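Remarks on the structure that follows.
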Amino acid sequence: MADHERAPVRVVVADDDADIRMLVAIAVRRAGVELVGEAADGESALAAIREHRPDFAILDVSMPGRTGLDVVRDVRADPALGGIRLMLLSAGVTDAAIDAGIAAGADDYLTKPFSPKELAARISAALDAWAAGADAP
């Protein structure tokens with residue numbers, strides 16, 4: 001990893017499946033970032049993002065109540081939450097599903113199933129880009 005290790009990068013994770021949240025937590029640790037909040041639904045995810053002001057949020061698309069897409073739109077609409085990087089996780093593997101996630105404002109979209117190693121690599125790559133000055137949070 002690069003310079004992003006100087007200041008801890010903070011992450012919120014939201015997925016209604018506890019096993020997926022555990023896999024994402026493993027990936028977050030592998031990427032060397034700090035897990036500051038977890039949620040099992042969209043409302044709790046948005047509340048955790050507002051409370052913790054993370055650098056990064058990883059959100060399941062299909063959650064009870066508000067979806068990950070809803071949360072992404074809400075974060076993007078709130079100027080106080082500017083600069084938070086958002087990744088969506090979904091079993092939706094069609095181009096249309098991915099396009100909808102990016103159109104909603106997600107920075108990245110990872111399809112399920114995924115490996116914690118792959119997710120950790122994606123997180124690290126994003127952080128390395130930020131450390132190099134590309135849209136640093």
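Quick note: the coordinates plus some simple rules give every number you see, no bench work behind them. Note that the structure is predicted; figures quoted are calculated from it, not measured. With ideal geometry, Cβ positions are generated from the backbone for all residues, glycine too; neighbour counts draw on all protein chains shown.
Summary of computed values
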item: Using a Förster distance of 30 Å, the FRET efficiency for Ala77-Arg29 (Cβ separation, nearest 0.05); result: 0.45
item: Sites Asp128 and Met22 - FRET efficiency at Förster radius 25 Å, r taken between beta-carbons, to 0.05; result: 0.50
item: Unit charges at the beta carbon, dipole of the chain: most positive-side option, Val71, Pro8, Gly101; result: Pro8
item: Net dipole in debye of the chain [+1 Lys, Arg Cβ; -1 Asp, Glu Cβ; about Cα centre; nearest 20]; result: 260 debye
item: GNM flexibility winner over the chain from Leu69, Leu35, Leu23 (Cα, springs under 10 Å); result: Leu23
item: Sorted by Cβ density within 10 Å, fewest first, the residues Lys112, Lys117; result: Lys117, Lys112
item: Helix-only CD estimate at 222 nm, as mean residue ellipticity for the chain, using -39500 (n - 2.57) per DSSP H run (n ≥ 4); result: -13500 deg cm²/dmol
item: Global form of segment 9-123, assessed from the alpha-carbon gyration tensor, a/c cut-off 1.5; result: rounded
item: Whether segment 57-133 is rounded, prolate or oblate, judged on the alpha carbon gyration tensor where a/c under 1.5 counts as rounded; result: oblate
item: Karplus-derived 3J(HN,Hα), 6.51/-1.76/1.60, for each residue of segment 122-127, Hz, glycine and proline x; result: 5, 4, 4, 5, 5, 5
item: Over segment 1-127, relative contact order from alpha-carbon pairs under 8 Å, at least 6 apart, %; result: 25 percent
item: Per-pair calculated FRET efficiency, R0 = 22 Å: Val93 and Glu51 via Cβ, rounded to 0.05; result: 0.10
item: Under 5 Å, built H, 5+ apart or other chain: amide partners of Tyr109; result: Leu88
